[in-house]
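Enquirer: Okay, here's the structure, questions in a sec.
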Amino acid sequence: MSLTKIAIFGASGQLGQRIVDALLECEKQTFNVLAVIPPGSLEPPVPAKQNYKCVQIDLLNASPDQLQKELNDVDAVVSAFNGKALDSQPMIQDAAASAGVKRFYPSEYGFHQLYRKPGSDWGYLHPLWDMKEQLIEKALHHPAIDSGRMSYTVIGCGDFYNQDREKIWCPWTQRDPDGGEYTLHVVGSPDAKADYTHIDDFASFLVATLREPAKSENAHLNYVSDTISNKEIAALLEKYTGKKAKFKTYSDDDQHSIVKQPDTAPKELQEGSAFPVDFWFLVKGAQGQGRFRRPKGEVHNHLFPDVKPTTFDDYLQKQHVDSVEWEEMHGPAR
């Protein structure tokens, strides 16, 4: 099986843009890329290339026939959606199946965590994760997959740690922190290790699965760039920036209280992220409890060894050391 023409839905988003870039920059295989974006959104800023096309489609009003026409010569479809846009994923897969698309990548790109309430014997899944769980279940049992006409690849990862827009979630991305020092918000123990993934590494891993489709056929894979604690991150921040890195810690009781009543969370946490504050506390709580780590058998970096992980050490050097000095130490930044 050869997968050479790839359609990316959600190509104007944070992750979708990186996937488009990784496909076009791939030196080991030439991909023909179809970037699908909603009307009025900015086209991914890529150089003009013959093997690239961007189309605007209003998925709320698009007909299956319109989608099928766009996908008629496509080999693989990647859903890079999040949030409400995920509602369109089943329709996209239906159109892809009608068009003869060989491979479907449903939106995953995370690590779902059960939340356990005090005094309850049940585990709970946040609605943001549950939406993806339901859609993945539906995607993997699609008639085209059951019949063997289409295969799937699902890719999970650690916490995306280089989200520049997330000043609270990823404070280390900021060159000039408020007050001249870094504040790492921690729920639980700063010594607990968690899985993290660099967005560019993830995009490169996805491209590698397209280059070697037999390895990724009907597979649920996970990619991790680093497993590290907040205390270790703070030490690296101080090493490479010369600025103090301090912790603002919250207890498990704080987590339970705020998950129950999100409006009681500190204002800086309520307003400092694109994610709901209760979701923030679930993720950070799992990290602080040491549960945000996959066992070794569920991490698949080894399947595609050409994708080199960007550790926090690598990232913080590149982010905060003068670029000339970085290149002297490591060669041109990628």
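Quick note: the coordinates plus some simple rules give every number you see, no bench work behind them. Everything quoted here is computed from the prediction, not taken from an experiment. Note that each Cβ is placed from the backbone with ideal geometry, even for glycine, and that neighbours are counted across all protein chains shown.
Enquirer: Quick one: if you stick a label point 7 Å off each Cα along the C-beta vector at residue 63 and residue 189, how many nm between them?
Expert: Calculated label separation equals 6.0 nm.
Enquirer: Same structure again: Pairs of alpha-carbon atoms within less than 8 angstrom and 6+ residues apart define the contacts here; what relative contact order does the stretch 65-170 have, in percent? Walk me through the intermediate numbers first.
Expert: Numbers: 129 pairs, mean separation 30.7, N = 106.
Value for the stretch 65-170: 29 percent.
Enquirer: A follow-up question, please. Using r as the Cβ-Cβ distance of residue 260 and residue 133, and R0 as 30 Å, what FRET efficiency do you calculate, to the nearest 0.05? Let's see the in-between values first.
Expert: On the way: r = 22 Å, r/R0 = 0.74.
The formula returns an efficiency of 0.85 here.
Enquirer: Separation between the residue 308 and residue 91 pseudo-spin-labels, each 7 Å from Cα along Cα→Cβ, expressed in nm?
Expert: For the pair residue 308/residue 91, the computed spacing is 4.4 nm.
Enquirer: What 222 nm value per residue comes from the helices of the chain, counting each DSSP H run with n ≥ 4 as -39,500 (n - 2.57) and dividing by all residues, nearest 500 deg cm²/dmol? Display every interim value, and only then the final one.
Expert: Numbers: 13 runs with 121 residues, N = 334.
One gets -10500 deg cm²/dmol as the mean residue ellipticity at 222 nm.
Enquirer: In addition: For the residue pair residue 215 and residue 294, what label-to-label distance in nm results when each label sits 7 Å from Cα along the Cα-to-beta-carbon direction?
Expert: Here the answer is 1.4 nm between the modelled labels.
Enquirer: Continuing with the same structure: Normalised by the residues of the stretch 171-282, what does the relative contact order come to in percent, with Cα pairs under 8 Å and at least six apart?
Expert: Numbers: 110 pairs, mean separation 37.5, N = 112.
Value for the stretch 171-282: 33 percent.
Enquirer: Another one. Around residue 91, under 13 Å between beta carbons, what's the net of Lys plus Arg minus Asp minus Glu among the other residues? Don't skip to the end; give the middle numbers.
Expert: Details: positive: 138; negative: 58, 65, 70, 87, 94.
Computed value for this residue: -4.
Enquirer: While we're looking at this one, here's another question. Could you pull out the pairs from 231/284; 193/239; 193/284; 28/318; 84/117; 49/308 whose alpha carbons sit more than 22 Å apart here?
Expert: Working: 231/284 14 Å; 193/239 19 Å; 193/284 11 Å; 28/318 25 Å; 84/117 27 Å; 49/308 27 Å.
Going by Cα-Cα distance, 28/318; 84/117; 49/308 fall outside the 22 Å limit.
Enquirer: Name the residues whose placed amide hydrogens come within less than 5 Å of the amide hydrogen of residue 192, ignoring near sequence neighbours (fewer than 5 apart) on the same chain.
Expert: 230
Enquirer: If you average the C-alpha positions of the stretch 240-303 and of the stretch 103-168 separately, how far apart do those two centres end up, in angstrom?
Expert: About 18 Å separates the Cα centre of the stretch 240-303 from the one of the stretch 103-168.
Enquirer: Mind putting a number on the dipole of the stretch 65-105 about its Cα centre? Charges go on the C-beta only, +1 for Lys and Arg and -1 for Asp and Glu, and I need it in Debye to the nearest 20. Present the calculation step by step, with values, prior to reporting the outcome.
Expert: Numbers: 4 positive and 6 negative charges, 27 e Å.
Using only the charged Cβ atoms, the result is roughly 140 debye.
Enquirer: Have a look at 140, 118, 262 and report the one farthest towards the positive end of the charge dipole of the chain, computed about the Cα centre with Cβ charges (Lys/Arg +1, Asp/Glu -1).
Expert: 140
Enquirer: Using DSSP to define loop residues, name the GluC sites (Glu not before Pro) in the stretch 1-73 whose beta-carbon has at most 16 other beta-carbon atoms within 10 Å. All intermediate terms of the calculation are to be shown ahead of the outcome.
Expert: Numbers: sites: 25, 27, 70; in loops: 27.
Passing sites in the stretch 1-73 are 27.
Enquirer: Sequence gap at least 6, Cα distance under 8 Å: using those rules, report the relative contact order of the chain to the nearest whole percent.
Expert: 16 percent
Enquirer: Here is a further query. Net charge around residue 70, counting only other residues with Cβ within less than 14 Å of its Cβ (Lys, Arg = +1; Asp, Glu = -1)?
Expert: On the way: positive: 5, 53, 69; negative: 58, 65, 73, 75, 94.
Once all neighbours under 14 Å are counted, the net charge is -2.
Enquirer: Place a +1 charge on the Cβ of each Lys and Arg in the chain and a -1 charge on the Cβ of each Asp and Glu, then give the dipole magnitude about the Cα centre in debye, rounded to the nearest 20. Don't skip to the answer; put the middle values down first.
Expert: Working: 36 positive and 47 negative charges, 72 e Å.
Here the size comes out at about 340 debye.
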